[in-house]
1. For the range 180-231, what is the convex hull (Cα atoms) projected area averaged across all directions, in square nanometres?
2. Can you tell me the dipole magnitude for the chain around its Cα centre, using point charges on the Cβ only (Lys, Arg +1; Asp, Glu -1), in Debye to the nearest 20?
3. Let's test the formula: R0 of 45 Å, r as the Cβ-Cβ distance of Ala14 and Ala106. What FRET efficiency results, to the nearest 0.05?
4. What is the spin-label model distance, in nm, from Leu226 to Asn147 if the labels are put 7 Å beyond Cα along the C-beta direction?
5. For Arg138 and Thr206 in one chain, what is 0.36 nm times their gap in residues minus the Cα-Cα distance, to one decimal in nm?
6. Could you calculate the contour length gain from Val6 to Arg97, that is, 0.36 nm times the residue separation minus the distance between their Cα atoms, to one decimal place in nm?
7. Bins of 10 Å, beginning at zero and ending with the bin holding the largest distance: percent of Cα pairs per bin for the range 50-125, please.
8. At 10 °C and 1.306 mPa s, grab the translational diffusion coefficient of the chain from Stokes-Einstein with a Kirkwood Rh over Cα pairs, rounded to a whole number in µm² per second.
Amino acid sequence: MSEWVVLSIAMAAACAVVLAITVINQRRVADDDDPSETPDVIEYMTMMIGVVYAIVLGLAIAGVWEARGAAEDSVRHEAQALHEVSARAEVYPAEARARIRDSVDAYVSHVVNTEWRHMVEKGELTAEGTRLLEQMRRDVTDYVPKNDHEGQAYQPLVDQVAAVDDARGARQQGAEATMPGVVWFGLVTGAVVTVGLIFTLQIRRTFRELLLAGLFSALIAFLLFLIWDFDAPFGRGLSATPGPFTELFPHVLG
């Protein structure tokens, strides 16, 4: 059973229970009942729905903001680990050092010039980027240290390549949307219900009331747009950028 079917059944069951209880209570009301003595619950329900929806919006914004921060951290860690690989290769002979640094530069160039755009458009990494990473790993691991000094640098280099691989995997996860469809359904439905409840309060056409209603609706729309924008950490206006790569490898990008 899909999550949408479960959600539909749960919502229908909740509505059915409330409506059934209300109908049963109305049938049991005596003829001498005075409804004016019963407190009006419309304003209370409106307030509670607004509070609940505000909590949901806050949690959604916090979630997408945290995902965006994690995406930026993965980019920074990947670029820093690549920089460490290039720097720590200094202790190796010129031929091995040049081979490792060429592999690093080729990987960085591909990520910034090709893979980043593909990641934004498709939400996934490229096979060529994976191949270049494996080539860099082989260039690092295939070299046999010739003395103790090179041997001491060998394991840290291998660890930094593993850090690049781990950060690359985190970047791939960040390329996907953070909010599932069922959450978006709840956010949009909650926005419609919350804004629609304005009309249950007998709003009039005075300037003050129309201004407040317009500002409230605009605020809901802005918060939903903010969530939508942050939902793609690499793909929209306030997105993470390949800045760490360009800062640490300016020679690769001209």
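Every number in this text was worked out from the coordinates using simple rules, so none of it is lab data. The structure presented is a predicted model; accordingly, all values stated were derived computationally and were not measured. With ideal geometry, Cβ positions are generated from the backbone for all residues, glycine too; neighbour counts draw on all protein chains shown.
1. For the range 180-231, the mean projected area of the Cα convex hull comes to 3.7 nm².
2. Roughly 480 debye, rounded to the nearest 20.
3. In this case the efficiency is close to 0.20.
4. Taking the simple label geometry, Leu226 and Asn147 are separated by 5.9 nm.
5. Contour length minus the Cα-Cα distance gives 17.2 nm.
6. Computed gain between Val6 and Arg97 is 26.9 nm.
7. Using 10 Å bins, I get a P(r) of 16, 30, 24, 16, 8, 4, 1 for the range 50-125.
8. For the chosen part, D equals 69 µm²/s.
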